[in-house]
Amino acid sequence: MKRSHLLLLVVLIALPWFSGEYYVNLASQILIAAIFAASLNLLVGYAGLTSLGHASYLGLSAYISAWLSLRMGLGHALTAPAALLATTLTGCAFGWIALRASGLGFLMLTLALSQIVWGLGYRWVGVTNGDNGLSGLTRPAPFGIDLANSAAYYWFVLIITTLVLLVIARFVNSPFGATLRGTRDQPRRMSSLGYDVWGIRWVTFVFASFLGAVAGLLYVYFNKYIHPSVMSVTVSAEALLAVIAGGSGTLAGPVVGAALVMLLKNYASAYVERWNMLMGFVFVFIVIVMPAGIVPGTQALLRRLGGGRK
Amino acid sequence: MQFWQIQTLNSFALGGLLFLLSSGFALIFGLMRIANLTHGALFMLGAYVAVSAMRAGFGLALAALIAALAVAAVGGLIERLVLRRLSGNAQGQVLATLGLSFIASDFCLIVWGGDTIPIQTPAMFQAPLRLFGLIFPTYRLVVVGIAIVVGVVLYLLMERTRLGAMIRAGVDDMQMARAVGIRASALFTIVFCLGALLAGLGGAVGGPIFSAYPGLDSDMLSLALIVVILGGIGSLVGTFVASFIIGFIYTFGTALLPDLAYVILFLPMVIVIAFRPTGLFGTIKT
Amino acid sequence: MSAALEVRGLCKAFGGISVTQDVSLTVAAGERRLIIGPNGAGKTTLFGLIAGEIKPDAGSVFVLGHDVTRLPIPARARVGMARTYQIINLFSKDTLAHNVVLSLLGLLPLRRNPIAALAARSDLYDKAHALLERVGLAARAQHRISEISYGEQRRVEIALALAQEPKLLLLDEPFAGLSQDERLIIKQLIAEIPRETAIVMIEHDMDIALEFAEKITVLHYGQLIVEGDRDKVVNDPMTREIYLGH
């Protein structure tokens, strides 16, 4: 880990001591969004597969965990692994279907699959309680540590986020990660070099859905409530926006992007109540003006301005 | 008996509306090779414009015409102002249409509010039709009729006109079409407007059945995606057949198993994709 | 010892037009075989059929005695087949060394490892360096593919194929689009490929290709017309008529 990363981590750990509860909660939400965006980035950035259905995994794991604890009365020690497992298995199946295609076909299939999951969330009232959502949920208490207060939960999320990002960094720099990027850039060539391109993509899809499920658990613990709208295309699009805005296929990009999107969303919902429209405009703006993402895009812009002055 | 008969007619009516919705999507996809994710929003916009037109005193027929033309104009603006800037970047275009769909749906929320607005069935179609001792809701028959007329017109347009020949050439091979002097730029705008027009018309004609409500865009986009994936992306015949298949499955699914209607929608799509990744009638493998 | 490549009765038609008609040929281990034929003779289709990119309507393909007719492309690589491409499709954003490492990794179980640090595997990078040395590009190992010339990219193409240590190497027009000097370099590289590797080449450039070939197969309209050693084929009236044009 670089020194700057360690410094950032120290600042993040210290955050609850120098900022109010509102910002601590906002920071927790940003970290959860960062995990979610980073998991989507495995597909979008490293596999070159633009998914518009990632919210399914966040929502499924949140709902499964909520349902198991409310209706089955199970404790967190059981609901968490069960939710992760069931969601990952769904990822196995959805990946198998969506990867029948690549490119735009993949995008459309992931969107269609997630719309079905979203529709189920609204209509399968017996299980999901429909538009009323499921409430009365609790946070886990790992090793007897109570996570009810904001700071404690923030630290918990910070630990998980750090772990997830380290795992992702390991993954993309591994031999498997290198082959994944190879399938993104030259799938035909990879296949003739002896790689099972489909298998590599599928494994990545499943891994991304697992990490999406981790974000889902953190999300439902944070809110102690779950509503079908978390599975909507809006949530998938927010994560995609974070990935693209930050810079897809980079480790820091989605984290920066998630922070920007969450801050913007927070600002927009507090003052103008027009988050969807704002997000739409940002989407169009990023795609047209800074397709490489804000971080690389700004650098390029500055370079061009600098070059122009000479 | 009455149940099956009504639901069958409902299925046909939904199938017809899905065809209006999806045929535009399929046309745009076939020619421009992009998935137009604003399509659901354009459908919803059609419904809302019809609401306003009817409030201004127009009948549904005229309101539907106004809605179709207004939405076509919006489609033209989208193509000219946004998609044009991203030509050659299919993924960028699709993401731009996604962004535009959020803008459009929020726009509708601002203008028409968050409550469901019912659209009156025209008086002349309100009385049920009695045929062979069976009772039919007349308007549903009208919707099926409109869908069939649109289908025939589209078929004639594609197969019998110069414009259709140019579109077909572009669908087959855009570069070749350019080489023989077809102006792709104009063709793209025309097809995008046409696709939007069909979506807007669908929204207005479907108004008395669906009403206009926030979220209509998302519901319709899902159904359009399922239809085109099932029918084969870019195939008009496939879209026609798949629209009615989905119309039946969704109508009966909702009536018999309301909780799980969405899962039932999902099954035919999965089965077809598993065995034929190009869809039932498709030739484009994406 | 089984033949490096054996093709039996391969047939392929596209939309009713027969592109490969009942082609059978055998390439011995270590042999240098040239496949020629005028445009539209079906050379590229035959290559695609052997490489697994095109599925045959009938017939079978054996590599080193294994029936690979129904094997997917990556499994063919594992049997010992490698190929180069006519159109450059290297990993253009990556370094030369990384390109070769990806080729080396393709046949190692390490390729599935999601935890190890690839950059720390100096054994792979040393091997990649050695291979780049063989094609005379060791000095540019840390450059990106997009920074080197077209002729150099074709050499990397050969380094990637050599990294797979194939028993059967398919060369798809390796001289296409190269200058005279670059051709000589590629020719020398191909000449240095060890005898364990049988080579099948399709090529338009007759001067350079004939010199390479031990046996030549002539295709015409999807059919095998003449086959034999260089002198036999060059002097065959059929070849002269359909290909050499005199």
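With the requirement that a residue be surrounded by fewer than 21 Cβ atoms within 10 Å (Cβ to Cβ), among the small types (Gly, Ala, Ser) and modelled with pLDDT of 95 or more, what does the range A:77-88 give you?
The answer is A:ALA82, A:ALA86.
Out of all the residues in the range C:73-85, which are more than 7 Å from every other protein chain (Cβ to nearest Cβ) and more than 22 Å from C:GLY151 (Cα to Cα)?
Scanning the range C:73-85 gives C:ALA75, C:ARG76, C:VAL79, C:GLY80, C:MET81.
Considering B:PHE266, B:PHE275, which residue is over 16 Å from the mean Cα position of the chain (by Cα) and surrounded by fewer than 19 Cβ atoms within 10 Å (Cβ to Cβ)?
Just one listed residue meets the conditions, B:PHE275.
Hey, could you check the range B:237-284 for residues that are aliphatic (A, V, I, L, M) and part of a loop (DSSP other than H, G, I, E, B) and say which is modelled with the lowest pLDDT?
So the residue we want is B:ILE284.
Hey, any hits in the range C:176-184 for a residue that's surrounded by 13 or more Cβ atoms within 10 Å (Cβ to Cβ) and either β-branched (Val, Ile, Thr) or within 23 Å of C:ALA4 (Cβ to Cβ) (or both)?
No; the residues of the range C:176-184 include none that is surrounded by 13 or more Cβ atoms within 10 Å (Cβ to Cβ) and either β-branched (Val, Ile, Thr) or within 23 Å of C:ALA4 (Cβ to Cβ) (or both).
Look at the range A:89-109 and say how many of its residues are more than 8 Å from chain B (Cβ to nearest Cβ), part of a helix (DSSP H, G or I) and surrounded by 18 or more Cβ atoms within 10 Å (Cβ to Cβ). Steps first, answer last, please.
Step one: list which residues in the range A:89-109 are more than 8 Å from chain B (Cβ to nearest Cβ), which gives A:89-96, A:98-99.
Those left that are additionally part of a helix (DSSP H, G or I): A:89-96, A:98.
Add one more test, that the residue is surrounded by 18 or more Cβ atoms within 10 Å (Cβ to Cβ), and what stays is A:90-91, A:94-95, A:98.
Total meeting the criteria: 5.
Go through the residues of the range A:130-144 one by one and say whether even a single one is within 14 Å of chain B (Cβ to nearest Cβ), out of contact with any strand residue (DSSP E or B) (no Cβ under 9 Å at 6 or more places or on another chain) and either assigned to a loop (DSSP other than H, G, I, E, B) or under 27 Å from B:SER218 (Cα atoms) (or both).
So far as the range A:130-144 goes, yes, one or more of its residues are within 14 Å of chain B (Cβ to nearest Cβ), out of contact with any strand residue (DSSP E or B) (no Cβ under 9 Å at 6 or more places or on another chain) and either assigned to a loop (DSSP other than H, G, I, E, B) or under 27 Å from B:SER218 (Cα atoms) (or both).
For the range A:243-294, enumerate the residues that are β-branched (Val, Ile, Thr), in a helix (DSSP H, G or I) and touching a residue at least 40 places away in the same chain (Cβ under 8 Å).
If the condition is that a residue be β-branched (Val, Ile, Thr), in a helix (DSSP H, G or I) and touching a residue at least 40 places away in the same chain (Cβ under 8 Å), then A:VAL243, A:ILE244, A:VAL255, A:VAL261, A:VAL282, A:ILE286, A:VAL287, A:ILE294 are the ones that fit.
Taking the criterion of being of a type outside the set (A, V, I, L, M, F, W, C), crowded, with 24+ Cβ neighbours inside 10 Å and more than 10 Å from chain A (Cβ to nearest Cβ), would at least one residue in the range B:178-200 satisfy it?
yes
So which residues in the range A:186-207 are in contact (Cβ under 8 Å) with a residue 60 or more places away in the chain and out of contact with any helix residue (DSSP H, G or I) (no Cβ under 8 Å at 6 or more places or on another chain), if there are any at all?
Result: A:TRP198, single match.
Within the range A:145-184, track down each residue that is surrounded by 21 or more Cβ atoms within 10 Å (Cβ to Cβ), more than 14 Å from chain C (Cβ to nearest Cβ) and among the β-branched types (Val, Ile, Thr).
Once the filter is applied, which keeps residues that are surrounded by 21 or more Cβ atoms within 10 Å (Cβ to Cβ), more than 14 Å from chain C (Cβ to nearest Cβ) and among the β-branched types (Val, Ile, Thr), the range A:145-184 yields A:VAL157, A:THR161.
Being farther than 30 Å from C:GLN21 by Cα and either basic (Lys, Arg) or within 12 Å of the chain's Cα centre (by Cα) (or both): is that true of C:GLU192 here?
No; evaluated as a whole, the condition is false for this residue.
Consider the range C:86-125. How many of its residues are more than 30 Å from C:THR45 (Cα to Cα), within 7 Å of chain A (Cβ to nearest Cβ) and part of a helix (DSSP H, G or I)?
Qualifying residue count for the region: 5.
Just to be sure before I move on: is A:SER135 more than 23 Å from B:ILE229 (Cβ to Cβ) and of a type in the set (Ser, Thr, Tyr) in the structure I sent?
Values: more than 23 Å from B:ILE229 (Cβ to Cβ): yes; of a type in the set (Ser, Thr, Tyr): yes.
For A:SER135, the condition - more than 23 Å from B:ILE229 (Cβ to Cβ) and of a type in the set (Ser, Thr, Tyr) - is met.
For the range A:131-140, state whether one or more residues are closer than 30 Å to A:GLY194 by Cβ and surrounded by fewer than 20 Cβ atoms within 10 Å (Cβ to Cβ).
No, the range A:131-140 contains no residue that is closer than 30 Å to A:GLY194 by Cβ and surrounded by fewer than 20 Cβ atoms within 10 Å (Cβ to Cβ).
Would you mind stating whether B:LEU42 is in contact (Cβ under 8 Å) with a residue 60 or more places away in the chain and closer than 21 Å to A:ILE244 by Cα?
In short, no.
Looking at the range B:241-255 only, could you name the residues that are without any contact (Cβ under 8 Å) to a residue 60 or more places away in the chain and away from chain A (no Cβ under 13 Å)?
B:VAL241
Taking B:SER101, is it closer than 21 Å to B:LEU216 by Cα, hydroxyl-bearing (Ser, Thr, Tyr), within 14 Å of chain A (Cβ to nearest Cβ) and in contact with a Ser or Thr (Cβ under 6 Å, 6 or more places away or on another chain)?
Values: closer than 21 Å to B:LEU216 by Cα: yes; hydroxyl-bearing (Ser, Thr, Tyr): yes; within 14 Å of chain A (Cβ to nearest Cβ): yes; in contact with a Ser or Thr (Cβ under 6 Å, 6 or more places away or on another chain): yes.
For B:SER101, the condition - closer than 21 Å to B:LEU216 by Cα, hydroxyl-bearing (Ser, Thr, Tyr), within 14 Å of chain A (Cβ to nearest Cβ) and in contact with a Ser or Thr (Cβ under 6 Å, 6 or more places away or on another chain) - is met.
For the range A:201-237, give me each residue that is at the interface with another protein chain (Cβ under 9 Å from one of its Cβ atoms) and under 30 Å from C:LEU110 (Cβ atoms).
A:VAL203, A:PHE207
The values are calculated or read from the model by the stated rules, or taken from the named source; none is laboratory data. For clarity, every value in this text was computed on a predicted model and none was experimentally measured. Glycine also receives a Cβ, built like all others from the backbone with ideal geometry; neighbour counts cover every protein chain displayed.
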